[in-house]
Amino acid sequence: MTPTTLDPARVAGWRTAWDEMMTAFVPGLATLERATATTIEALLGGAPRRVLDLGGGPGLFAGRMAARWPDARITLVDIDPVLLELARAALPTTVTVTAADLTTPAWPSSTGDRYDLITAVMTVHYLDPGPIRALYAAALQALAPGGLLIVADLMPDDTLPTVMASLDPAPAEAAAELAWAQWWSSLDEAPHLHPLLATRADLFRTRPPAGFTAPASWHTTAARQAGFRESGLLWRDGRHAALAARR
């Protein structure tokens with residue numbers, strides 16, 4: 001497909017709005033990024049050299065990792081053609097942006113490297129349990145010895161009573177859902193994006209998000225069953241949590 005031509009100011013505006021929207025979905029997002037960066041550097045003994053960001057969207061997290069670790073080679077993968085285009089338009093040349101389908105076993109080969117760090121932030125809830133287990137197994141093979149997988153997502157706390165763990169999302173999350181719909185509508189204002197929006201609509205017509213929100217214990221067990229030698233929770237904020245798994 002021919003590359004689009006996007007106004008940098010509009011791209012910056014869309015990405016800023018995306019960041020605000022994701023912070024509404026995950027209020028502790030800033031503390032998550034600080035906690036994971038500190039843990040990563042402690043466990044790896046310094047900055048990672050090769051990073052793979054799974055489901056990286058328009059590249060906000062990849063961009064912040066590139067700023068924190070300027071010598072790292074970072075690869076962002078996503079299936080969404082619109083978000084990939086926004087990432088390509090905004091990220092520095094040190095970040096490689098690649099299309100990949102995380103539900104297929106072939107996705108690690110599309111990245112062509114062995115990584116010190118693989119991240120998946122607000123990504124795995126789009127997948128069903130089987131593909132998540134397969135993703136963990138594929139991530140293990142894509143990591144260098146001693147490498148880390150960081151997964152952050154909706155992971156209810158199964159140590160709480162059931163009635164508390166299943167409470168309806170806060171009103172702020174409903175507002176974030178509305179902001180999500182409005183954000184996508186705003187892209188219609190850019191004619192250059194219309195072909196990519198049409199491609200996106202075709203792509204997702206028959207693959208709705210799974211909405212799988214297993215507790216953190218399910219994910220740590222799945223990571224260990226995939227072959228990770230260590231797996232445990234490193235951060236929690238309400239219904240969101242992050243785990244670290246080490247190869």
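The values are calculated or read from the model by the stated rules, or taken from the named source; none is laboratory data. Note that this is a predicted model, so its numbers are computed, not measured. A quick note on method: Cβ atoms are made from the backbone with ideal geometry, for glycine too, and the neighbour counts reach across all protein chains shown.
A few points about this structure:
- Selection from segment 194-239 of residues that are touching a Phe, Trp or Tyr at 6+ places or on another chain (Cβ under 6 Å) and exposed (fewer than 13 other Cβ atoms within 10 Å of the Cβ): 209
- Filtered by the rule that a residue be over 16 Å from residue 63 (Cα atoms) and touching a residue at least 60 places away in the same chain (Cβ under 8 Å), segment 81-100 gives 81, 82.
- Test: residue 5 is touching a helix residue (DSSP H, G or I) at 6+ places or on another chain (Cβ under 7 Å) and in a loop (DSSP other than H, G, I, E, B): yes
- Unmet criterion (only one of (1) buried (at least 22 other Cβ atoms within 10 Å of the Cβ); (2) in a loop (DSSP other than H, G, I, E, B); (3) touching a Ser or Thr at 6+ places or on another chain (Cβ under 8 Å)) for residue 53: (2)
- Qualifying residue in segment 107-116 (condition: surrounded by fewer than 22 Cβ atoms within 10 Å (Cβ to Cβ), of a type in the set (S, T, N, Q) and part of a loop (DSSP other than H, G, I, E, B)): no
- Residue match in segment 48-69 (condition: at pLDDT below 95 and at positive phi): no
- Top-ranked residue of segment 101-132 - restricted to ones that are hydrophobic (A, V, I, L, M, F, W, C), touching a residue at least 40 places away in the same chain (Cβ under 8 Å) and out of contact with any Lys or Arg (no Cβ under 9 Å at 6 or more places or on another chain), ranked as farthest from residue 52 (Cα to Cα): 127
- Considering residues of segment 8-48 that are in contact (Cβ under 8 Å) with a residue 24 or more places away in the chain and not in a helix (DSSP H, G or I) only, the residue surrounded by the most Cβ atoms within 10 Å (Cβ to Cβ): 48
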